[in-house]
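Student: I'd like to ask you about the structure that follows.
Nothing in this text is a laboratory measurement; each read-out follows from the coordinates by a stated rule. Keep in mind that this is a model prediction, so the values were computed, not measured. Every residue, glycine among them, receives a Cβ derived from its backbone with ideal geometry; neighbour counts consider all protein chains shown.
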Amino acid sequence: MKVAIAGAGNVGTFIAKDLRSAGHAVLLIEENLDLVKRLEPTMDVEFFAGDACEVSNLTRAGIGDADVMVAATGEDQVNLVVSLLAKQEFAVPRVVARVNHPKNQWLFNETWGVDVSVSTPHLLSALVEEAVSVGSLVRLLQFEGGNARLVEVTLAEDSPARGLSLSAMDVPRDASIVAIVRDGKVVVPRGDTVMAIGDEVLALVTTDSEQQVQELLIGS
């Protein structure tokens with residue numbers, strides 16, 4: 001897989017190193033030439049020095065054959081422009097954008113070419129909530145312009161799902177139970193998987209199906 005990353009700051013370089021170590025081809029785009037010269041000898045990735053907000057630079061960098069574009073700069077306006085260009089001008093299949101300021105989260109949607117937005121403050125608060133909440137639905141990650149999301153529920157003693165198999169739960173068609181964490185181990189759910197108290201249930205839901213899933217796992 002080829003991944004193009006805009007921004008060679010701490011976030012961009014960490015992502016680049018991590019993906020490269022996993023065997024992916026990585027292109028790192030950074031407009032600060034001095035920074036590029038300093039980083040090039042230390043990283044086994046392809047560099048391109050230039051402003052990622054200009055179509056000509058993205059063309060010369062070669063993002064046309066990228067499988068994923070990551071807009072990881074420290075400026076939200078730059079990340080939005082990069083995302084829009086990657087999707088509309090180069091039809092990059094997957095665009096992931098970093099949200100620096102939580103108040104701008106609403107902008108990072110399919111209108112701007114963003115498939116997945118990552119807001120660190122929102123993610124941290126969700127993880128804190130997930131760590132202390134039992135019997136509550138916690139939103140962990142948003143997908144596809146806000147219509148699909150990953151949610152988590154730790155089943156409480158009064159959960160209506162307790163003792164039911166997945167096939168008996170009548171999960172909505174536009175939702176899916178994707179994993180269960182039980183006793184520190186990941187259980188891949190099957191039709192005959194029975195829900196138990198304390199299970200951490202991860203589900204993909206849409207705006208329309210979230211309430212139904214919540215009722216199945218938590219109750220009215």
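Student: State the answer as a single residue: which of Val151, Val178, Leu164 lies farthest towards the positive end of the charge dipole of the stretch 133-217, with beta carbon charges of +1 for Lys and Arg and -1 for Asp and Glu, about the Cα centre.
Tutor: Checked the options; the winner is Val178.
Student: Starting from the Cα-Cα distance between Arg190 and Thr111, subtract it from 0.36 nm times their residue separation and give me the gain in nm to one decimal.
Tutor: 24.8 nm
Student: On alpha carbon coordinates alone, what is the Rg over Rh value for the chain, Rh being the Kirkwood radius? Walk me through the intermediate numbers first.
Tutor: Numbers: Rg = 20.2 Å, Rh = 19.0 Å.
Taking Rg over the Kirkwood Rh, I get 1.06.
Student: Return the FRET efficiency for the residue pair Thr42, Thr207: r is the Cβ-Cβ distance, R0 is 35 Å, and the value is rounded to the nearest 0.05.
Tutor: Calculated transfer efficiency: 0.20.
Student: Whose amide H sits under 5 Å from the amide H of Val26, counting only residues 5 or more places off or on another chain, with H placed in the peptide plane?
Tutor: Val3, Glu46
Student: Taking 8 Å as the Cα distance limit and 6 or more residues as the minimum spacing, I'd like the relative contact order of the stretch 3-66 as a percentage.
Tutor: RCO, the stretch 3-66: 32 percent.
Student: Now for a different question. Report, ordered by chain and residue number, the lysines lying within cross-link reach of Lys2, taken as a straight Cα distance under 21 Å and ignoring same-chain residues fewer than 8 apart.
Tutor: Lys17, Lys87
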